[in-house]
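Take a look at the structure below.
Coordinate-derived values only; no laboratory data. Note that this is a predicted model, so its numbers are computed, not measured. Backbone-built Cβ (ideal geometry, glycine too); neighbour counts: all protein chains shown.
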Amino acid sequence: MGILVNENFQFIIQGITGREAVNFTRECLNYGSKIVGGVTPGRGGREVYGVPVYDSVKEITAKERVDGSVITVPYQFTPDAAFEAIEAGIKEIVIITEGIQRKSAVEIIEFANKHGARVIGPNCLGVITPGVCRFGSLGGPADDCKKAFGPGSVGVMSRSGGMTTEICNALTVAGLGVSTAISIGGDPVVGSSYAELMPLFEADPETKAVVIYSEPGGPMEAQLAQWSKENDSRLPIVAFVSGRFMDDMPGVSFGHAGTVVHRKVDSPAEKIRAMRAGGISVADLIGDIPRLVRERTGG
């Protein structure tokens, strides 16, 4: 079953004629996803691997049901692209673009909330329910994606797109598999946090546990631990926290724009403490994750 997407999920790609978008359009189609159109202003009438290109989102929504949009346009145009999709009634938005200003990201998220839409990202690779739908560029080539993301019972949320694939591959090799994996984005401001997505996994009968990949910076892990305790979650959570060396290097950032430790509570050590206090198991190594999941689920 999974969350966010299903076998009938239809989406569009804004910025479809860009090099990256052309590549992942092909791979999404090869995976079996349903892409009903793409948008690049001024290039309407073209096709990308058989997907028709339009000048605006409304040209597509006027003739097709559109459940989601993947936005991969230059950062300066991303807010307008997001507003256009949301105004057209699209409810699930994946923003792959990185480098968006915090103010612009906040405006997009507030606009989405006002219109009952959900934003995944920015600076993310999207969503996949294995064997059902790939919504974004997560997993690389379709054949590799099918190998790394096997169907199963573990939900995955990760700040890093690459580590989403790494963790899902470990779960697949271990025979546990994945219900839905979400690359939530590595920027300081993202549309959907761990705690905001947890109720969806909680409501999914096929999900038996959740794994998160965490990075330094921000309060999302503490929020997740608090949510899990306050809602008496049925789902055991296993986490991996990267960047532990940063505990000895305050003020240093690495990788994603969100991995900046401004306060003690943002540090890896404090994140680990808060999560363990909230009943979340924290793995020392990526390879420990399947074992901890089995221990927590009894499977």
Of Lys208/Lys271; Lys91/Lys271; Lys63/Lys147, pairs whose Cα-Cα distance is over 30 Å: Lys91/Lys271; Lys63/Lys147
Zone residues, the stretch 1-25, relative to Asn231, backbone N less than 15 Å from point 7 Å out along Cα-to-Cβ: 3-4
Charge tally in the Cβ shell below 9 Å around Phe240, where Lys, Arg are +1 and Asp, Glu are -1, Phe240 excluded: -2
Computed label-point distance, nm, for sites Asn113 and Lys58 using a 7 Å Cα→Cβ extension: 2.7 nm
Charge sum, other residues only, whose C-beta stays under 15 Å from Glu107's C-beta, Lys/Arg counted +1 and Asp/Glu -1: -2
Between 0 and 90°, nearest 10: helix 161-173 axis offset from the chain longest Cα axis: 70 degrees
Over the chain: helical MRE at 222 nm, DSSP H runs n ≥ 4 each giving -39500 (n - 2.57), nearest 500: -10000 deg cm²/dmol
Net charge, Lys58 excluded, C-beta distance under 12 Å - Lys, Arg +1, Asp, Glu -1: -4
Where N is the number of residues in the chain, Cα Rg divided by 2.2 N^0.38 Å: 0.97
Arg102/Arg291 FRET efficiency (R0 35 Å; Cβ-Cβ; nearest 0.05): 0.35
Segments 62-68, 1-7 sorted - mean Cβ within 10 Å per residue, highest first: 1-7, 62-68
For the stretch 38-139, convex hull of alpha carbons as volume per residue, Å³: 106 Å³
Rounded FRET efficiency, nearest 0.05, which uses the C-beta distance separating Arg26 from Gln76 and R0 of 30 Å: 0.70
Extension gain (nm, one decimal) between Phe83 and Ala269, 0.36 nm per residue minus Cα-Cα: 63.1 nm
